[in-house]
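Below you'll find the structure, written out as structure tokens, and then a few comments.
Coordinate-derived values only; no laboratory data. Note that the structure is predicted; figures quoted are calculated from it, not measured. Here the Cβ positions follow ideal geometry from the backbone for every residue, glycine too, while neighbour counts run over all protein chains shown.
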Amino acid sequence: EERIRALGLALLQSLKKAEALVEKGEAPLADDGRFRHAEFRQLLDMLELRCSSKDADALYEAVSSGSDGIAANELRAKVRDSSVIGDMYSESFSNVALTVALSLAVAVVIFIIKGAASGFDFITAYVVEDSLSVDNLFVFLALFKYFKVPPSLQNYCLNLGIYGAVVLRGVFIFAGLAAVQSFRPVLLLFAAFLIFAAYKGLTADEEDDDEEEDGAPAEPIRNLLDQLPTTSEFDGEKLIVEKPKGTYLATPLALCIIAVELSDILFAVDSIPAVFAVTDDPLVVYTSNIAAILGLRSLYQVLAVAAEDLVYLEKSVSVVLGFVGVKLAAEVIGVEVPSAFSLLFIIFVLGAGIFLSLQEQQKEKEKAAAPAS
């Protein structure tokens, strides 16, 4: 079941490519313009979704819902409405809700131990870190596509990425605390970095998004990966394979994991200044980060399904970055911004991004359903 879900999720992420094949007349359709077992397996091959024939047939049955084939113009709707995606989406939402509930329980404990201000700071930091995790997860999605990671191995990569994030955040947090405690004005550098990151996020246009659509890692990461001797084939969960001549080569899986871990470092550079804009209490900083990271797996599955729908979410995250940057700079010069106000503002901005995204999605559905004039 886990393999079929991973395969269904990978197909969902590849629907744009599948629709482009249909539009160009290159999709493997039957004579009546529908996908059946054989054509569906061919489509998965063309989309480079590696799987067994048994798994491909199992996914076909789930997507077709027992009907006589899948019409080309219904592929997106059939995949989105399939039991594979629906069950995973519901389960992931439940897991996200459980993670949030546990984080609120931690906030209550901090409230009791350290007071109301620390409790509010924990919740605010948690919401900020969770929202920044969205960008982290979008990069994971793109990297899996770029390296053509088989669906059955994506969870393995994701888990390693999450474990790496836990370790790296700890290192960066305590390094940041040491810097802040020894030289307080370093917070102004953090604030400037956050405001610049917000500016870049808000001013990025569609052309920038198109350039990044292939999911290629950042240029420094690509340059590093290009130096490694590699093989072009995956070999299960192996990271290194030995060739007949006694040489060792890295597999594409190893390259993807390296890119994921290096991306973790890049995102920690955003994340740690953001949490210092909320508080410099070591307990609150680290627990809020870990609480956000531990919910990444469930959040990943939600975003993997909803990524195309939440078109304004990344802009909302950029507004949050800008706000925490301004808040940090204000507090360095002696202007205190109440934690309760910060929390409400951040929740409002993220909620507005989700609401506007859903409104846009509804408009597109109505436009698609309207009869052609």
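Once you place label points 7 Å from the Cα toward the Cβ at residue 171 and residue 30, how far apart are they in nm?
5.5
Where the centroid of each part is defined by its Cα atoms, how far is segment 1-37 from segment 113-176 in Å?
So the two Cα centres are separated by 31 Å.
Within 10 Å, count the other beta carbons around each residue, average over each peptide in 194-201, 63-70, and list them highest first.
Descending packing order for the listed peptides: 194-201, 63-70.
Place the peptides 159-172, 23-36, 243-256 in order of packing, highest mean first, counting for every residue the other Cβ atoms within 10 Å and averaging per peptide.
159-172, 243-256, 23-36
Determine which residues of segment 271-299 fall in the zone a paramagnetic label at residue 15 would reach in this model, i.e. backbone nitrogen under 20 Å from the point 7 Å along Cα→Cβ.
299
Quickly rank 104-117, 40-53 as a protection proxy: mean count of other C-beta atoms within 10 Å, highest first. Before the final figure, lay out the partial values.
Working: 104-117: 14.6, 40-53: 17.7.
Peptide ranking by packing, descending: 40-53, 104-117.
Please give the contour-minus-distance gain from residue 330 to residue 283: 0.36 nm per residue of separation, less the Cα-Cα distance, rounded to one decimal in nm.
14.6 nm
Just want the answer: with Cβ charges of +1 for Lys and Arg and -1 for Asp and Glu, which residue in 117, 102, 12 is farthest toward the dipole's positive end in segment 1-130?
117
Residue 148: which lysines have alpha carbons under 26 Å from its alpha carbon, excluding same-chain residues fewer than 8 sequence positions away?
In chain and number order, the partners are 16, 17, 24, 54, 78, 238, 243.
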